[in-house]
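Asker: First the structure, then my questions, so here it is.
The values are calculated or read from the model by the stated rules, or taken from the named source; none is laboratory data. As the structure is a computational prediction, the values presented were derived from the model and not from experiment. Cβ sites come from the backbone with ideal geometry, for glycine too, and all protein chains shown count toward neighbours. The protein model used for the area step is the full one, side chains on, heavy atoms only, and it has no ligands, DNA or RNA in it. Shrake-Rupley method; radii C 1.70, N 1.55, O 1.52, S 1.80 Å.
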Amino acid sequence: MSTKTRFAPSPTGYLHVGGARTALFSWLHARKHGGKYVLRIEDTDLQRSTTESINAILEAMTWLGLEYDEGPFYQTKRFDRYNEVIDELLEKNLAYRCNCPKERLETLREGQMARKEKPRYDGHCRGLSIEATEPHVIRFRNPDEGTVVVDDQVRGKIVFSNNELDDLIVRRTDGSPTYNLTVVVDDSDMGITDVIRGDDHVNNTPRQINILKALGKEPPRYAHVPMILGDDGSRLSKRHGAVSVMEYRNQGILPEALLNYLVRLGWSHGDEELFTLDQMVELFAIEDVNKAASAFNTEKLLWINQHYIKQSEPARIARLLSPHMGNLGIDPAEGPDLVEVARQQQERAKTLVEMAEISAFFYRDFDEFESKAAKKHLKAAALEPLQQVRQKLAALDSWVGEELHQVVIDVSASLSLNMGKVAQPLRVAVAGRAASPGIDVTLELVGREACLRRIDKALAYINHRVEEQAS
Ligand code: GLU
């Protein structure tokens, strides 16, 4: 049977990075084996599932580029099918109606807890014949004896004793099917060969295998991947920073960087850190995923992101940068070509948000010079160089890099200064900060009017400072 994996999120919130990693591992496993990848939305919890969450999950999957071959399938559209299977179980005596009142179940539970036993249903209704017209739940008749062996592709062999598992509810009193039943029906109907999911589902696996066996179906292979921890060793949560995939987009992370980062959380190939999607498909093996939980490391994500920002085509970076400029209230159409700006800034930013911040000066005047840079470079010694530069710039006929550069060279020569003593004050004057692309490119992209205006502002700033110091 050809490989088929699935990603089966419950739409009760955004797509968490842990979920995204599971989605990626499933996707890689399918692609590696030339198989198919299914997206299934497990929306049977009507109270907690929302359309916004479904949209958020679909948007995140699209952004990550984890395209699916089948789906999205919605479990809420398959209730007839689940009921058909439940009826089949009932008919074959593999499931039964139970009308135990809540009070009975509570007393049972309390007694078991008091005896330090694991709380479980005692099978009270197994032999009773309860009418379908009475309020009831349906329970799966779990085998009493024997074991369930899970050959987990990540965790190895796990053995469960049937006498530890109870007769789980497969249909609630309101007629809705429960998680373990719907997953089993879907995995089987959809021909899933490999179930790759979070290890919070390990204990569901023997129950699911028992239901599958009762239905005469071959269970799929399972792989339970460990959770992601925060840097303090506790389960990754909002308290550690961003956990939603789309929040990473909003923070200016590239999708390939997040995927590359996520694949390395729990999987490795030698000492390599950087993998393109194609390399991941080639090298990834689910059996190589670590059993132990891995910790999220934001610094590493930023390092990987910077790598991909540097590697990307400027046109693509510009396209992705544009909304971040918009967030700063800047319309890139009203200034220099954003592709050129992106090309110049690619080496300088770890995220697109940072790139937008350090590129804002190309599009609008800044309120203040960065204080450290101003303190260092906008001082009395810079007055003369800046005045000369301003004069020469104002006299230029054209505004192109080479000639702009020549101005800096000429002024340095005439004042016998090294070029930095001219270029740095000029940079702070025009960019507001001590770091920017080459001075010629910076001047050219900022444009004549804005450059002259900002140099005047810098001169005024220096004069004011000199006066203050004199008084
Ligand atoms: N819907 C489940 C969840 O979001 C996953 C179920 C599964 O992968 O079997 O946790």
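Asker: Any residue in segment 58-74 that is farther than 23 Å from GLU256 by Cβ, surrounded by fewer than 21 Cβ atoms within 10 Å (Cβ to Cβ), among the β-branched types (Val, Ile, Thr) and away from the ligand (no atom under 12 Å from the Cβ)?
Answerer: no
Asker: I would also like to ask the following. Any idea how many residues of segment 338-365 are under 11 Å from VAL446 (Cβ atoms), surrounded by fewer than 22 Cβ atoms within 10 Å (Cβ to Cβ) and among the hydrophobic types (A, V, I, L, M, F, W, C)?
Answerer: So the answer is 1.
Asker: Here's another thing I want to ask about it. If GLU103 meets every condition in (1) under 17 Å from LEU168 (Cα atoms); (2) among the charged types (D, E, K, R); (3) open to solvent by 80 Å² or more (accessible area, probe 1.4 Å) apart from one, which number is that one?
Answerer: For GLU103, the exception is condition (1).
Asker: Can you find, within segment 130-182, the residue that is farthest from LYS217 (Cα to Cα) among those that are open to solvent by 70 Å² or more (accessible area, probe 1.4 Å) and hydroxyl-bearing (Ser, Thr, Tyr)?
Answerer: Among residues in segment 130-182 that are open to solvent by 70 Å² or more (accessible area, probe 1.4 Å) and hydroxyl-bearing (Ser, Thr, Tyr), the one farthest from LYS217 (Cα to Cα) is THR133.
Asker: Let me ask something else. Out of segment 203-235, which residues are away from the ligand (no atom under 15 Å from the Cβ), in contact (Cβ under 8 Å) with a residue 24 or more places away in the chain and either among the aromatic types (Phe, Trp, Tyr) or outside any helix (DSSP H, G or I) (or both)?
Answerer: Matches in segment 203-235: LEU215, LYS217, LEU229, GLY230, ASP231, GLY233.
Asker: May I pose another question? Suppose we filter VAL466, VAL422 for residues that are aliphatic (A, V, I, L, M) and surrounded by fewer than 18 Cβ atoms within 10 Å (Cβ to Cβ); which single one remains?
Answerer: Values: VAL422 fails: surrounded by fewer than 18 Cβ atoms within 10 Å (Cβ to Cβ).
Just one listed residue meets the conditions, VAL466.
Asker: Among (1) without any contact (Cβ under 8 Å) to a residue 24 or more places away in the chain; (2) over 24 Å from ASN463 (Cα atoms); (3) not small (Gly, Ala, Ser), where does ASN418 come up short?
Answerer: (2)
Asker: Cβ-Cβ below 6 Å, separation at least six or inter-chain, first residue in segment 30-58 and over 17 Å from ASP69 (Cα atoms), second away from the ligand (no atom under 11 Å from the Cβ) and not polar (S, T, N, Q): which pairs?
Answerer: Every condition considered, the pairs that remain are ASP43/TYR74; ALA56/TYR14.
Asker: State yes or no: is GLU368 open to solvent by 40 Å² or more (accessible area, probe 1.4 Å) and within 30 Å of ALA315 (Cβ to Cβ)?
Answerer: no
Asker: Out of the residues in segment 19-54 meeting the condition of being near the ligand (Cβ under 10 Å from one of its atoms) and of a type outside the set (A, V, I, L, M, F, W, C), tell me which one is most open to solvent (accessible area, probe 1.4 Å).
Answerer: My answer is ASP45.
Asker: Check ASN93 against each of (1) at positive phi; (2) open to solvent by less than 70 Å² (accessible area, probe 1.4 Å); (3) not small (Gly, Ala, Ser) and name the one condition it does not meet.
Answerer: Status for ASN93: all satisfied but (2).
Asker: Within segment 160-202, count every residue that is within 11 Å of the ligand (Cβ to nearest atom) and within 19 Å of GLY123 (Cβ to Cβ).
Answerer: Of the residues in segment 160-202, 1 are within 11 Å of the ligand (Cβ to nearest atom) and within 19 Å of GLY123 (Cβ to Cβ).
Asker: Follow-up question, since we're still on this one. Does LYS118 satisfy being modelled with pLDDT of 95 or more, over 20 Å from THR173 (Cβ atoms) and loosely packed, with under 13 Cβ neighbours inside 10 Å?
Answerer: no
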